[in-house]
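Undergrad: Please see the structure below; I have some questions.
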Amino acid sequence: MKELKLTVNPQKTKSHINREIYGHFSEHLGRCIYEGIYVGEDSPIPNKKGIRTDVFEALKNIRIPVLRWPGGCFADEYHWKDGIGDKSSRKKMVNTNWGGVVEDNSFGTHEFMDLCEELGCEPYVSGNLGSGTVQEMAEWIEYMTFDGISPMAELRRKNGREKPWKLKYFGIGNESWGCGGNMRPEFYSDKYKQYQCFCKNYSGNQLYKVACGPSDKDYNWTEVLLSNVTSQQTQAISLHYYTVPTGNWSHKGAATVFEDSEYYATIAKTLFMEEIVTKHSEVMDRHDPEKKIGLIVDEWGCWYDVEEGTNPGFLYQQNTMRDAIVAAINLNIFNEHSDRVVMANIAQVINVLQAVILTEGERMVLTPTYHVFDLYKEHQDAELLESSIENFITGTGSDRFNAVSKSVSKDKDGNVLITLSNASLDEDAKVVCDLGEFGFSKAEGRIICADDPRDFNDFDKDPKVFPKDLAAETENGSLVISLPACSVVSVRLFK
């Protein structure tokens, strides 16, 4: 067993951990929206206004802070007026990006905004810059947020919503370097400045405008964008990075069948998030030293080959203990960079990629990744504390790295949350905590682990991966945390 020292300075806060770092992404892709979130009011599956009640309650439990919609690549071919009004008369379209299936637009602006309102989370809407017009984008914002007399406000009222919604986060284009238009950063910067100019603030609503930022290590995109766009024109830029075990997009690897070496390769790939967030932040620091512009990692997570027998365009994959480790590492990275990272959205919330929930008919499964979000939820809106931990190297071949990931925060009541993950497959760790002068009256620990990193939760079977209580121990006056191989742990210390 490896013994490690975790040092925490409870008096030294570094940055605020925005609750939106624990955000989610929902796209009209596969069974994320239809069958996942939305089943329709006539479905035998219990629902409220077409929204699955089991899914709703599960998302409520992890305090979902923000939900991104309608895409993704889908956003830049989505025309919002097709998704309003009487459902029987809404236009049908072919989803050319994802599976070539018919999109009937039964889940549109009203359904999404009402869902966010019921969940108590912020809506994050992606506007169509790729195939849409400036007028179309401007009218959508007016439709959603204007409380006065205008054609769009009257149209909203006609469709059953008297008062406008509150909309904070608005993305202007998605992956404009790829599926959103194959643009150069210079061209996108000009397009962004044009479109954002017509994204108005109505009726006291204040938009937080998000520009399309880079894909993984494209530092030139960030450089060019921030050379042309100011903090008066954008409040944040996006970043997309997916963990692909093989590094080969044509053969990414299976979700549940993998060798130990592929497990370690996956963790090494996900740890690259630390490097790209750091380097993009350095570019941003040169252009925005006062940190007025945030970094939003609005697509992240594992991307594997689809499950055998499923539509390749639906991106359906299972979710194992390996994914729980990936989720824990990334959330810890975002916490540690919360001076610049203001939001993150795992891809995606249900039935697509690294989903937190899987559904099959009336059945629902909470994945290992879901349980990580549950363990970490007390970090939301807490203050990041200065902390450090000794190195513990693990891995195979060239994929060797520090096994333990951590972050420590203090909430408004003075309670401390410590989250840790151990990526080693064969060595446990004993973490001895130096908490300075912080005294606590009670400690509550929880752990996620499995007999095998390939274990997952499936329909009609007892779950294999779920949180269990972990006893907090003291040794020579110090808090000691047991951190088994391939595990995620949270310990909450009550003042």
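Undergrad: Kindly evaluate residue 231 against the criterion of being under 30 Å from residue 147 (Cα atoms) and not aromatic (Phe, Trp, Tyr).
TA: Spelling it out, residue 231 is indeed under 30 Å from residue 147 (Cα atoms) and not aromatic (Phe, Trp, Tyr).
Undergrad: Would a scan of segment 101-111 turn up a residue that is of a type in the set (Asp, Glu), more than 22 Å from residue 298 (Cβ to Cβ), more than 21 Å from the chain's Cα centre (by Cα) and at pLDDT 95 or above?
TA: Yes, there is a match, as at least one residue in segment 101-111 is of a type in the set (Asp, Glu), more than 22 Å from residue 298 (Cβ to Cβ), more than 21 Å from the chain's Cα centre (by Cα) and at pLDDT 95 or above.
Undergrad: Does segment 290-305 hold any residues that are more than 13 Å from residue 210 (Cα to Cα), surrounded by 23 or more Cβ atoms within 10 Å (Cβ to Cβ) and out of contact with any helix residue (DSSP H, G or I) (no Cβ under 8 Å at 6 or more places or on another chain), and which are they?
TA: 299, 304
Undergrad: Looking at segment 280-304, which of its residues are assigned to a helix (DSSP H, G or I) and either under 20 Å from the mean Cα position of the chain (by Cα) or at pLDDT below 95 (or both)?
TA: If the condition is that a residue be assigned to a helix (DSSP H, G or I) and either under 20 Å from the mean Cα position of the chain (by Cα) or at pLDDT below 95 (or both), then 280, 281 are the ones that fit.
Undergrad: Oh, and also: Would you please name the residue that is nearest to residue 141 (Cα to Cα), looking only at residues in segment 63-106 that are hydroxyl-bearing (Ser, Thr, Tyr) and touching a residue at least 24 places away in the same chain (Cβ under 8 Å)?
TA: 78
Undergrad: Among the residues of segment 64-82, is any surrounded by fewer than 20 Cβ atoms within 10 Å (Cβ to Cβ) and on the phi > 0 side of the Ramachandran plot?
TA: Within segment 64-82, none of the residues are surrounded by fewer than 20 Cβ atoms within 10 Å (Cβ to Cβ) and on the phi > 0 side of the Ramachandran plot.
Undergrad: Run down 126, 150 and say which single residue is in the same structural domain as residue 204 (by TED's automatic domain parsing), of a type in the set (S, T, N, Q) and either farther than 30 Å from residue 306 by Cα or surrounded by fewer than 21 Cβ atoms within 10 Å (Cβ to Cβ) (or both).
TA: 150
Undergrad: Would you check if there is a residue in segment 227-247 being buried (at least 19 other Cβ atoms within 10 Å of the Cβ), assigned to a helix (DSSP H, G or I), outside the structural domain of residue 427 (by TED's automatic domain parsing) and in contact (Cβ under 8 Å) with a residue 24 or more places away in the chain?
TA: No, there is no match, as no residue in segment 227-247 is buried (at least 19 other Cβ atoms within 10 Å of the Cβ), assigned to a helix (DSSP H, G or I), outside the structural domain of residue 427 (by TED's automatic domain parsing) and in contact (Cβ under 8 Å) with a residue 24 or more places away in the chain.
Undergrad: Among the candidates 323, 305, 399, 374, which residue alone is outside the structural domain of residue 276 (by TED's automatic domain parsing) and among the acidic types (Asp, Glu)?
TA: 399
Undergrad: Where in segment 396-493 are there strands (runs of 3 or more DSSP E), lying fully within it, with 1 or more residues that are touching a Leu at 6+ places or on another chain (Cβ under 7 Å)?
TA: Filter on segment 396-493 gives 399-402, 404-410, 416-422, 429-434, 442-449, 478-483.
Residue-by-condition table, conditions (1) of a type in the set (S, T, N, Q); (2) surrounded by fewer than 24 Cβ atoms within 10 Å (Cβ to Cβ); (3) within 16 Å of the chain's Cα centre (by Cα):
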position	(1), (2), (3)
326	no, no, yes
349	no, no, yes
359	yes, yes, no
363	no, yes, no
395	no, yes, no
398	yes, yes, no
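Undergrad: Then there is this: Could you say whether any residue in segment 330-344 is of a type in the set (Asp, Glu), part of a helix (DSSP H, G or I) and modelled with pLDDT of 95 or more?
TA: Within segment 330-344, one or more residues are of a type in the set (Asp, Glu), part of a helix (DSSP H, G or I) and modelled with pLDDT of 95 or more.
Undergrad: Residues in segment 140-155 that are free of Cβ contacts under 8 Å to residues at least 40 places away in the same chain and either β-branched (Val, Ile, Thr) or in contact with a helix residue (DSSP H, G or I) (Cβ under 9 Å, 6 or more places away or on another chain) (or both): how many?
TA: Adding up the residues that qualify gives 6.
Undergrad: Scanning segment 157-171 for residues that are buried (at least 21 other Cβ atoms within 10 Å of the Cβ) and in contact (Cβ under 8 Å) with a residue 60 or more places away in the chain, which turns out farthest from residue 74 (Cα to Cα)?
TA: So, considering only residues that are buried (at least 21 other Cβ atoms within 10 Å of the Cβ) and in contact (Cβ under 8 Å) with a residue 60 or more places away in the chain, the one farthest from residue 74 (Cα to Cα) is 169.
The values are calculated or read from the model by the stated rules, or taken from the named source; none is laboratory data. Please read these numbers as outputs of a predicted model, since none were measured by experiment. Counting neighbours? That spans all protein chains shown, and the Cβs are built from the backbone with ideal geometry, glycine included.
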